[in-house]
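Okay, so here's the structure we're looking at.
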Amino acid sequence: MTTKTKRFLALLLRVIALGATVAAIVIMVTSHDSATVLNLTFEAKYSNTPAFRYFVIAEAVAGGYSVLALLLSFNSLFSRLVLMMDVVIAMLLSSSISAALAIAHVGKKGNSHAGWLPICGQVPNFCDKVTGALIAGFIASILYLLLILYSLHSALAPLFALKP
Amino acid sequence: MALRNGGKTEGEHESVPFSKPKGRWLLLTVRIVAFLATASATIVMALNKETKTLVVATIGSTPITLTLTAKFQHTPAFVFFVIANANASFHNLLMILVEICGNKLDYKGLRLVLVAVFDMMAVVLASAGDGAATFMAELGKRGNSHARWNKICDKFDSYCDRGGWALIASYIGLSLLTLISALSMIRLMKPKPANQPTTIP
């Protein structure tokens, strides 16, 4: 694999991850639904839940970092710094998707031991959109994991040349 | 120390940072502390259980009691937290053993690379476990008025306390794991070339 192919592949991974984070943010922010059951009004927005707010913030940070890293990756001085920051951002993305999935699971299936009823029956549009946003966030997280492994591999390529 | 032509592996180990005794002991100490942190987080959360008996009604003179139990298995987020921290502590233990006993084991110099890769994956896994458990604990502590989910920490306060301690230990383990990952990558990244002419002291 030539250097050009390697850099192109890394760039491609970063662009797709950027697209996934932007998609996750947009879908989550535009998800809201309201339903009236008897005399209770359920209004479901993403900002009601701290986990979803953290998800949006983390995806926004990751998306902004992706843009910065895309600009910085053309300069090989920063490659090690970019690799270390990639690990931090991968950690952030994984914790945010995990938190959002935990709360979304409670919303979908409830928790009978704690007396928490599922809400997806009342606000199905909200639940569908949140599911879409979580899928996009999951794709972004997996792509970042692949990216850090790939960056480590391509940063170590000169090292491998020295081995017998 | 005199002749280094035959021992290419030893030459690399000499010039790589964190392979001199002081650097190695630093890395080993941080790994041991991280292992203790993640192991204690796993154990505290796995043994987290509280039972409360409430009197629901009184018929005549006999009270009808209802026994409620809070266990960590009731919440999938905490189950994932226990599993992720157990994996992270197992990873730490394995890496400690590799550091202590595995100096002779090497395959084309891939040992340091594999250690760095596994460290990165352990960081991502531990952070996922922490994130899920944090927000589930926040939900249990404050409830969610919009979804009509009541808080449970006022009834099961020692369950919540122990969960909080497990979470704090896990965060300490996570930050130490990040440090370890950075150190492993630094160790990989800055070797001097192996065929540098060496002087005999």
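The values are calculated or read from the model by the stated rules, or taken from the named source; none is laboratory data. Only a predicted model underlies this, so the values are computations on that prediction, with no experimental measurement involved. Cβ sites come from the backbone with ideal geometry, for glycine too, and all protein chains shown count toward neighbours. Side chains included, ligands, DNA and RNA excluded: accessible areas come from the protein's heavy atoms. Shrake-Rupley method; radii C 1.70, N 1.55, O 1.52, S 1.80 Å.
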Measure off 7 Å from each Cα along the Cα-to-Cβ vector at residue B:47 and residue A:16, then give the distance between these two points in nanometres to one decimal.
4.6
Number of Lys-Lys pairs in region B:23-189 under 12 Å by Cα, sequence gap 8 or more or different chains?
5
Förster radius 35 Å - calculated FRET efficiency between residue A:43 and residue A:7, Cβ distance, rounded to 0.05:
0.15
Count the net charge of all other residues whose Cβ sits under 14 Å from the Cβ of residue B:126, scoring Lys and Arg as +1 and Asp and Glu as -1.
-1
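Helix-only mean residue ellipticity at 222 nm, chain A, DSSP H runs n ≥ 4 weighted -39,500 (n - 2.57), per residue, nearest 500. What is it?
Numbers: 5 runs with 119 residues, N = 164.
Theoretical 222 nm ellipticity from helices: -25500 deg cm²/dmol.
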Note to self: with every protein chain in place and a 1.4 Å probe, chain A gives an accessible area per residue in Å² of 50
For the pairing of chain B with chain A, what total accessible surface becomes buried, with a 1.4 angstrom probe, in square angstrom to the nearest 100?
3600
Total formal charge among the other residues, if their Cβ is under 12 angstrom from that of residue B:41, Lys/Arg +1 and Asp/Glu -1
0
Share of Cα-Cα pairs in the protein assembly as shown lying beyond 33 Å, as whole percent:
42
So for region A:3-157, what are the equivalent ellipsoid semi-axes in whole Å, largest first, each being the square root of 5 times an eigenvalue of the Cα gyration tensor?
37, 14, 11
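Using the crude model of +1 on Lys and Arg Cβ and -1 on Asp and Glu Cβ, and no other charge, please compute the dipole size for the protein assembly as shown relative to its Cα centre, in debye to 20.
800
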With the other protein chains left in place, how much accessible area per residue, in square angstrom, belongs to region B:74-151 at a 1.4 angstrom probe?
45
On the full set of protein chains, 1.4 Å probe, figure out the accessible area of residue A:109 and give it in Å² to the nearest 10.
140
